[in-house]
1. Among residues belonging to segment 113-147 that are farther than 22 Å from residue 39 by Cβ and either in contact with a strand residue (DSSP E or B) (Cβ under 7 Å, 6 or more places away or on another chain) or in a strand (DSSP E or B) (or both), point out the one that is modelled with the lowest pLDDT.
2. Got at least one residue in segment 91-104 being closer than 19 Å to residue 122 by Cα and modelled with pLDDT of 85 or more?
């Protein structure tokens with residue numbers, strides 16, 4: 001059954017359908033969504049010129065998160081840690097994951113680093129990014145000449 005809960009991408013309409021198709025394919029093959037401990041699930045929306053991004057980062061302390069801007073890309077990095085005393089315990093089930101994660105989110109514009117607000121609460125990272133008033137258009141229609 002096709003996923004009817006697809007949201008259009010605000011920054012890359014050319015590749016979004018292909019990206020969503022790959023996500024759907026691997027989700028069906030693996031029986032779960034692709035967002036895991038190594039790639040936090042995100043939601044992206046825009047309200048009145050402000051990009052709102054929420055990312056699931058359960059169990060990650062603010063000190064273990066990094067948010068950076070590299071050109072037109074927002075970078076999320078972090079690490080989940082699980083404290084276990086494995087010396088005297090006989091483990092029956094271990095499902096909680098640990099390790100580092102990295103997520104690059106293309107914005108389609110280069111934000112002012114001072115216009116990015118990041119907060120984490122209850123395992124959810126919330127980012128507000130002000131879109132510059134003038135965004136340089138990178139797509140140009142080319143003239144086609146007939147021979």
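1. Going through segment 113-147, the residues farther than 22 Å from residue 39 by Cβ turn out to be 113-115, 117, 130-147.
Remaining after also requiring either in contact with a strand residue (DSSP E or B) (Cβ under 7 Å, 6 or more places away or on another chain) or in a strand (DSSP E or B) (or both): 113, 115, 117, 130-131.
Values: 113: 83, 115: 88, 117: 94, 130: 92, 131: 89.
Among those residues, the one meeting the criterion is 113.
2. Yes, that holds for at least one residue.
The values are calculated or read from the model by the stated rules, or taken from the named source; none is laboratory data. This one's a predicted model, so the numbers in the text were calculated from it and none came from an experiment. Don't worry about glycine lacking a Cβ; one is built from the backbone with ideal geometry, like all the others, and counts go over all protein chains shown.
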